[in-house]
Amino acid sequence: MLRFIREVRGLTRSELSNRSGLDHTYISRLESGKRPLTESARQKLVRGLGLEEAAFRSLLPIFEGFEASASNDKRDMLALADKLEVIGRTLRETAPQ
């Protein structure tokens, strides 16, 4: 999820690191699932990504089971496309002007 949002925002890990105050290797480990997301890190990432807290929280349920829904089943693929549309719309609506 984090990598997807970071890339949609057009940020490199290094840029997100500078904006959030988190080390780029820690961000890499979060993106790969090797480290759990702490509350403190989540708050810094939200700020670094330029998101409102409510927007970030609204994305969490969409990403739950994200990988599991990526199969070859047509219904799953359509559901995944719908989720991606919602995510993209949320990120565009919360983008800094």
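Of the residues making up region 19-36, just one is surrounded by 15 or more Cβ atoms within 10 Å (Cβ to Cβ) and among the β-branched types (V, I, T), namely I27. The number of residues in region 1-22 that are of a type outside the set (A, V, I, L, M, F, W, C) and in contact with a helix residue (DSSP H, G or I) (Cβ under 6 Å, 6 or more places away or on another chain) comes to 9. Those helices (runs of 4 or more DSSP H) of region 1-76 in which 2 or more residues are at pLDDT below 80 and not aliphatic (A, V, I, L, M) occupy 53-63. Sub-7 Å Cβ pairs linking a first residue in region 25-36 that is over 10 Å from L2 (Cβ atoms) to a second residue that is surrounded by fewer than 14 Cβ atoms within 10 Å (Cβ to Cβ) and of a type in the set (D, E), at least 6 apart or interchain, number zero.
The values are calculated or read from the model by the stated rules, or taken from the named source; none is laboratory data. In this text the structure is predicted, and so the values were computed from the model without any measurement. FYI the Cβ positions are ideal-geometry reconstructions off the backbone, even for glycines, and counts take in every protein chain you see.
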